[in-house]
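Colleague: My questions will all concern the structure given below.
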Amino acid sequence: MNKSALVTGITGQDGAYLAKLLLEKGYRVYGFMPRRSSSMNWRLQYLNIDQDIEIIEGDIMDVSSLIRAIKKSQAREIYNLAAQSFVGTSWEQPILTAQVTGLGVVNVLEAIRLTDPSIRFYQASTSEMFGLIQEAEQSEKTPFYPRSPYAAAKIYGHWITINYRESFKMFACSGILFNHESPIRGIEFVTRKVTDAVARIKLGLQKELFLGNIDVKRDWGYAGDYVEAMWLMLQQETPDDYVVATGRTTTVRDMCDIAFKHVGLFYDDHVVIDPRFYRPAEVEVLLGNPAKAKEKLGWEAKTSLAELIHMMVDADMERVEREIKMLGSR
């Protein structure tokens, strides 16, 4: 294979895992990112692929730089993973979230349309769009009911992708991904916040972990599994949208239990409920129905929640142990 792919948001969790997958499949991989994100390369370094990717500087809010990146990369596939992706921050920066997470999508689509409409496009949609759930299991046909500025912006991105597909006959797909985690998840996300704290508590660096509502339920999977679904969507004969999920839901409380038990601790000895971490409008339950992805793409999640959380705790234990050694050597 000698294809080129352009990935926005390549320094994020999904961008890094996707880049690794594409490289393994023989792609030339180009990352599109602003200069201010250059210090975020640690995920690419963690996966040992930072030297295998060519970075093209630009900004998703600047269509001219997107057009230049498309021409330079000669990309046949473009994966738009760029976003202000933390729900909590979207309440503090709703306008920025709308611009980057929402309008950024139409900028990429318009750059493709003006440059080469035959390029295949993937849009990273999210289960947060379902929000106040209308069905016990959420599928591609479940109505959206966003509960945050982030979710509202993602809905715009989702529907503008469908509009470009239908109006301009572009090969444009959206993956409605449910929560997906990994050892390179941002520390601001609850799973990584938990596994990092477990490591620090086990190694004596802290005693407590402050969380908000731990009875909310989420459908958690492994990011390394989910990026394969992204790639598969762009290999089909016709473009479509797919829910990507495990089909299982678990509370934050139970996730904490798994993480703490992995190192021989009990979560209720260390977890403190702090009202500061409650959202203004909470999404109580998310549970994806991945039947369509299984039937049409042949995709299903491979990694169990316990395997995922154990992987994350082990990685954070290694990180924190390295930090302790570095401090001790000073």
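The values are calculated or read from the model by the stated rules, or taken from the named source; none is laboratory data. None of the values given here were measured: they were computed from a predicted structure. Glycine gets a Cβ as well: all are built from the backbone with ideal geometry, and neighbour counts include every protein chain shown.
Colleague: Report, by residue number, each residue of segment 48-66 that is surrounded by fewer than 18 Cβ atoms within 10 Å (Cβ to Cβ) and assigned to a loop (DSSP other than H, G, I, E, B).
Modeller: Asn48, Asp50, Gln51, Asp52, Met61, Asp62
Colleague: Something else now. How many residues, within segment 9-40, are within 16 Å of the chain's Cα centre (by Cα), surrounded by fewer than 22 Cβ atoms within 10 Å (Cβ to Cβ) and either at pLDDT below 95 or not assigned by TED's automatic domain parsing to the domain that holds Val108 (or both)?
Modeller: 1
Colleague: Surrounded by fewer than 17 Cβ atoms within 10 Å (Cβ to Cβ), within 26 Å of Asp241 (Cβ to Cβ), hydrophobic (A, V, I, L, M, F, W, C) and over 17 Å from the mean Cα position of the chain (by Cα): is that true of Ala306 in this structure?
Modeller: Considered against the rule, which asks whether it is surrounded by fewer than 17 Cβ atoms within 10 Å (Cβ to Cβ), within 26 Å of Asp241 (Cβ to Cβ), hydrophobic (A, V, I, L, M, F, W, C) and over 17 Å from the mean Cα position of the chain (by Cα), Ala306 comes out as no.
Colleague: Select from segment 229-259 the residues that are assigned to a strand (DSSP E or B) and either polar (S, T, N, Q) or in contact with a Ser or Thr (Cβ under 7 Å, 6 or more places away or on another chain) (or both) and list them in ascending order.
Modeller: The answer is Asp241, Val243, Thr250, Thr251.
Colleague: Something else: I'm checking my understanding of the structure. Among residues of segment 146-171 that are at pLDDT below 95 and touching a Phe, Trp or Tyr at 6+ places or on another chain (Cβ under 7 Å), which one is farthest from Ile95 (Cα to Cα)?
Modeller: Ser148
Colleague: Among the residues of segment 124-141 satisfying the criterion of being free of Cβ contacts under 8 Å to residues at least 60 places away in the same chain and of a type outside the set (A, V, I, L, M), which is surrounded by the most Cβ atoms within 10 Å (Cβ to Cβ)?
Modeller: Ranking the qualifying residues of segment 124-141, first place goes to Thr126.
Colleague: Can you tell me which of Gln134, Gln84, Gln93 is among the polar types (S, T, N, Q), over 18 Å from Gly15 (Cβ atoms) and touching a helix residue (DSSP H, G or I) at 6+ places or on another chain (Cβ under 9 Å)?
Modeller: It is Gln93.
Colleague: Is it the case that some residue within segment 98-109 is without any contact (Cβ under 8 Å) to a residue 40 or more places away in the chain, surrounded by fewer than 21 Cβ atoms within 10 Å (Cβ to Cβ) and of a type outside the set (D, E, K, R)?
Modeller: yes
Colleague: I want to confirm something. Restricting to segment 280-303 and keeping residues that are assigned to a helix (DSSP H, G or I) and hydrophobic (A, V, I, L, M, F, W, C), which single residue is nearest to the chain's Cα centre (by Cα)?
Modeller: Here the residue is Ala293.
Colleague: Report the residue count in segment 206-235 for those that are among the aliphatic types (A, V, I, L, M), in contact with a strand residue (DSSP E or B) (Cβ under 8 Å, 6 or more places away or on another chain) and closer than 25 Å to Ala5 by Cα.
Modeller: Final tally of qualifying residues: 5.
Colleague: Right, next: Please tell me if Ala75 is within 19 Å of the chain's Cα centre (by Cα), assigned to a loop (DSSP other than H, G, I, E, B) and crowded, with 21+ Cβ neighbours inside 10 Å.
Modeller: No, not satisfied.
Colleague: Moving on to the next point. Which one of Leu6, Leu44 is under 20 Å from Phe171 (Cβ atoms), under 19 Å from the mean Cα position of the chain (by Cα) and buried (at least 18 other Cβ atoms within 10 Å of the Cβ)?
Modeller: Leu6
Colleague: In contact with a helix residue (DSSP H, G or I) (Cβ under 6 Å, 6 or more places away or on another chain) and either in a helix (DSSP H, G or I) or under 17 Å from Ala259 (Cβ atoms) (or both): does that describe Tyr226?
Modeller: No, not satisfied.
Colleague: Among the listed residues Asp225, Asp257, identify the single one that is surrounded by 16 or more Cβ atoms within 10 Å (Cβ to Cβ), more than 23 Å from Leu23 (Cα to Cα) and among the acidic types (Asp, Glu).
Modeller: Asp257
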